[in-house]
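Trainee: I'd like to ask some things about the structure below.
The values are calculated or read from the model by the stated rules, or taken from the named source; none is laboratory data. Everything numeric in this text was worked out from a predicted model, so none of it was measured. All Cβ positions, even for glycine, are placed from backbone atoms using ideal geometry, and neighbour counts span all protein chains on display. Keep in mind that these areas ignore ligands, DNA and RNA; they rest on the heavy atoms of the full protein, side chains included. Shrake-Rupley method; radii C 1.70, N 1.55, O 1.52, S 1.80 Å.
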Amino acid sequence: VFRPIELNYECSPLYTGGGDNALVDGRLGSQDFRDGTWQAKQGQDMVATVDLGFSATITGLETGVYLYQDAWIFQPESILWEGSLDGTHWFPMAKHGPSAVLKRDDRQIRLKVEGPLNGQPRKARYIRMTATNAGACPGWHAAAGSESWLFLDEMVVEAKPSAPAL
């Protein structure tokens, strides 16, 4: 919570989540995408990089996504979490790739997306999360061909501080 974050996008002025730090402010989005906690972008991927401030053993990764296809809000095509010790050299840590994200789904819901770690927990100082936009609304949708929205809330990094070298 409240760690420095860098975004590769400018969020929609309609859905800022409270500003650039919305993904690390400790507030989880509710079942209402208009509650002021959701950060959104239409037609583009969303990439956020957090500096933990120290090297830590990463034990879990997750984020919240919103799903409400009637409002053109689709799940991400995929979410990739990467780690780095120096902010320059990156290694994959976890990936979530829901199947059939453009398939009709009438729910209006907040979903917790967890990134299963690739193998053993690894040390990292920086975590980069890339949420890939699902693409245009599909043919069955009333707005077929229009750009879909991505809605994200908190980016959660579970970590254990690394012991100092002796």
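Trainee: Say whether the condition of being over 15 Å from the mean Cα position of the chain (by Cα), open to solvent by less than 20 Å² (accessible area, probe 1.4 Å) and either of a type outside the set (A, V, I, L, M, F, W, C) or farther than 18 Å from Ala136 by Cα (or both) is met by at least one residue in region 22-32. First the steps, then the outcome.
Mentor: Going through region 22-32, the residues over 15 Å from the mean Cα position of the chain (by Cα) turn out to be 30-32.
Checking which are open to solvent by less than 20 Å² (accessible area, probe 1.4 Å) leaves us with none.
Looking for residues that are over 15 Å from the mean Cα position of the chain (by Cα), open to solvent by less than 20 Å² (accessible area, probe 1.4 Å) and either of a type outside the set (A, V, I, L, M, F, W, C) or farther than 18 Å from Ala136 by Cα (or both), one finds none in region 22-32, hence no.
Trainee: Name the residue that is nearest to Leu117 (Cα to Cα), counting only residues in region 43-67 that are open to solvent by 50 Å² or more (accessible area, probe 1.4 Å) and over 14 Å from the mean Cα position of the chain (by Cα). Can you show your working first?
Mentor: Quick first cut of region 43-67, residues open to solvent by 50 Å² or more (accessible area, probe 1.4 Å) only: 44-45, 54, 59.
Next, from what is left, pick out any that are over 14 Å from the mean Cα position of the chain (by Cα): 54, 59.
Working: Phe54: 20, Thr59: 8 Å.
Looking at the filtered set, the residue picked out is Thr59.
Trainee: Could you check region 74-103 and list, in sequence order, the residues that are modelled with pLDDT of 95 or more, hydroxyl-bearing (Ser, Thr, Tyr) and open to solvent by 10 Å² or more (accessible area, probe 1.4 Å)?
Mentor: Of everything in region 74-103, those that are modelled with pLDDT of 95 or more, hydroxyl-bearing (Ser, Thr, Tyr) and open to solvent by 10 Å² or more (accessible area, probe 1.4 Å) turn out to be Ser78, Thr88.
Trainee: Regarding Lys95, is this residue among the charged types (D, E, K, R), without any contact (Cβ under 8 Å) to a residue 40 or more places away in the chain and closer than 18 Å to Leu150 by Cβ? Give the derivation first.
Mentor: Values: among the charged types (D, E, K, R): yes; without any contact (Cβ under 8 Å) to a residue 40 or more places away in the chain: yes; closer than 18 Å to Leu150 by Cβ: yes.
Yes.
Rundown of residues vs (1) more than 24 Å from Pro13 (Cβ to Cβ); (2) at pLDDT 95 or above, yes/no style:
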{"residue": "Glu62", "(1), (2)": "yes, yes"}
{"residue": "Trp72", "(1), (2)": "no, yes"}
{"residue": "Ile109", "(1), (2)": "yes, yes"}
{"residue": "Asn118", "(1), (2)": "yes, no"}
{"residue": "Ala131", "(1), (2)": "no, yes"}
{"residue": "Cys137", "(1), (2)": "no, yes"}
{"residue": "Ala143", "(1), (2)": "no, yes"}
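Trainee: Which of (1) part of a loop (DSSP other than H, G, I, E, B); (2) within 23 Å of Ser30 (Cα to Cα) is the odd one out, the single condition His89 does not satisfy?
Mentor: Only one criterion in (1) part of a loop (DSSP other than H, G, I, E, B); (2) within 23 Å of Ser30 (Cα to Cα) is unmet by His89, namely (2).
Trainee: Same structure again: Restricting region 104-119 to residues that are outside any strand (DSSP E or B) and closer than 23 Å to Trp72 by Cα, which is least open to solvent (accessible area, probe 1.4 Å)?
Mentor: The first filter runs over region 104-119 and keeps only residues outside any strand (DSSP E or B), leaving 104-107, 115-116, 118-119.
So of that shortlist, the ones also closer than 23 Å to Trp72 by Cα come out as 104-107.
Details: Arg104: 132, Asp105: 36, Asp106: 116, Arg107: 107 Å².
Restricting to residues being outside any strand (DSSP E or B) and closer than 23 Å to Trp72 by Cα, the top hit is Asp105.
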